[in-house]
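J.: Please see the structure below; I have some questions.
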Amino acid sequence: MPRISNKGQQMPESPIRKLVPFAENAYKQGKTVFHLNIGQPDIKTPQIALDAVKIHSLDILAYTRSEGSEGYRKKIANYYAKNDIYVNHDDIIVTTGGSEALLFAFGTITDVGDEIIIPEPFYANYNGFSTSSGVNVVPVISKIEDNFALPPIEEFEKLITPKTKAILICNPGNPTGYLYSKEEIKKLAKIVKKHDLFLIADEVYREFAYDGIKHYSILQEEGLENHAIVIDSVSKRYSMCGARIGCLVSKNKEVIKTALKFAQARLSPPTLAQIASEAALETPQSYFDDVINEYVERRNVLIEELNKIEGVQVANPKGAFYCIAQLPIKNSDAFAQWLLESFDVNGETVMVAPAAGFYSTPGVGLNQIRIAYVLNKDSLVKAVNILKEALKVYKD
Ligand SMILES: Cc1ncc(COP(=O)(O)O)c(C=O)c1O
């Protein structure tokens, strides 16, 4: 049989999706599964975006420009201006989700064998994107005990080698819910300028900043124009995960020129979804106010309930809609599978994401899970109760 590539064999499975077959078996057994494993919000997509697709009349569903339609990019630039981020539409390349923006960013700035420093735990697919680009992830550890704050600058500097191309942060963070302060962004800006590196910020959760803290974008940082690359997406902002629209933003002209070549190779981002995404930009602020209130309430309920379970440690998320919980178990992979295969409370069980896949350091995070609070409060309370009951009987 012809041989699969080494790269293909090394591609990690998604910790978020790998337990799906076990969940399917659980459904077949008639169980209800509370999905805390995946960042698919249950929030309604703005009607204005759905209607835009319905009422749009097209004779030909054509390609758009590789960088995305000009009208849409101009409106994205307006959206950023409303968020005190000043970019031109030429600084934006529309992509097929934030996922493709990440691939374009890696393709644009790295060669095989290069290194990217990422505070760990991080969004699990950074491992996959690095493998497919031949890039080595160099983790800098942030700890649950410190609420996942940025490690001291010296920790980053120790890790910089001639192969280092970038520091990548996720702000607000998936899976930690950590929201970087302006001071932390300034510290990172100082390092990347000193060592002439790129700073990539995945800001797909920009709106999801809680407790009155305002998100600070790397694009707001003066003097960082040639270093900053932002990854963005409509997936979470408008609960439009299925639109598959995101963008890459940089004021560095060479970055945009190079990323555009990757964009040209795949011809065009989805046309209909750009129409929906453009319309979504008209979503009133009241939509976000309601959504943010809902997430804050869910977070509060979730953290309160988790803290009631003996032996569980949890960091308080300040943004996004995830948290990492440390459990009194040895192996969360086995625990998550067992929850689906062998445990239920009155026919109900939970699906969680084992956290080891959110680390690149082997053996770290084995006793942790990531929880996405994308369910209503009643379901969250039920789901945490199932976890509590499960931990009473589970044997590693
Ligand atoms: C941190 C982060 N970045 C990027 C993505 C990619 O999202 P999409 O490709 O749907 O825009 C996700 C999706 O969950 C994410 O959590």
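The values are calculated or read from the model by the stated rules, or taken from the named source; none is laboratory data. As the structure is a computational prediction, the values presented were derived from the model and not from experiment. Methodologically, a virtual Cβ is constructed for each residue, glycine included, from the backbone with ideal geometry; neighbour enumeration extends over all protein chains shown. We work out accessible area using only protein heavy atoms, side chains counted, and drop any ligands, DNA or RNA first. Shrake-Rupley method; radii C 1.70, N 1.55, O 1.52, S 1.80 Å.
J.: Take region 378-394 and flag every residue that is closer than 15 Å to residue 42 by Cβ, touching a strand residue (DSSP E or B) at 6+ places or on another chain (Cβ under 7 Å) and open to solvent by less than 80 Å² (accessible area, probe 1.4 Å).
T.: 379, 383
J.: Just need a number here: residues in region 133-165 that are touching a residue at least 60 places away in the same chain (Cβ under 8 Å) and crowded, with 22+ Cβ neighbours inside 10 Å.
T.: 1
J.: Among what's in region 208-234 and is within 13 Å of the ligand (Cβ to nearest atom) and assigned to a loop (DSSP other than H, G, I, E, B), pick the residue that is nearest to residue 76 (Cα to Cα).
T.: 234
J.: Can you confirm whether residue 215 is surrounded by fewer than 18 Cβ atoms within 10 Å (Cβ to Cβ) and either within 19 Å of residue 90 (Cβ to Cβ) or at pLDDT 95 or above (or both)?
T.: no
J.: Restricting to region 341-359, and then to whatever is among the small types (Gly, Ala, Ser) and out of contact with any Ser or Thr (no Cβ under 8 Å at 6 or more places or on another chain), can you tell me which residue is surrounded by the fewest Cβ atoms within 10 Å (Cβ to Cβ)?
T.: Result: 342.
J.: With more than 22 Å from residue 354 (Cα to Cα), open to solvent by 20 Å² or more (accessible area, probe 1.4 Å) and out of contact with any Lys or Arg (no Cβ under 9 Å at 6 or more places or on another chain) as the only criterion, which of 182, 186 stands out?
T.: On inspection, the qualifying residue turns out to be 186.
J.: Any idea which residue in region 191-207 is farthest from the ligand (Cβ to nearest atom), counting only those that are part of a loop (DSSP other than H, G, I, E, B) and within 18 Å of the chain's Cα centre (by Cα)?
T.: This residue is 207.
J.: On to the next question. Exactly one condition in (1) within 26 Å of residue 360 (Cα to Cα); (2) away from the ligand (no atom under 16 Å from the Cβ); (3) loosely packed, with under 14 Cβ neighbours inside 10 Å is false for residue 23; which is it?
T.: Unmet for residue 23, out of (1) within 26 Å of residue 360 (Cα to Cα); (2) away from the ligand (no atom under 16 Å from the Cβ); (3) loosely packed, with under 14 Cβ neighbours inside 10 Å: (3).
J.: Taking into account only those residues within region 162-190 that are part of a loop (DSSP other than H, G, I, E, B) and away from the ligand (no atom under 16 Å from the Cβ), which is farthest from the chain's Cα centre (by Cα)?
T.: So the residue we want is 162.
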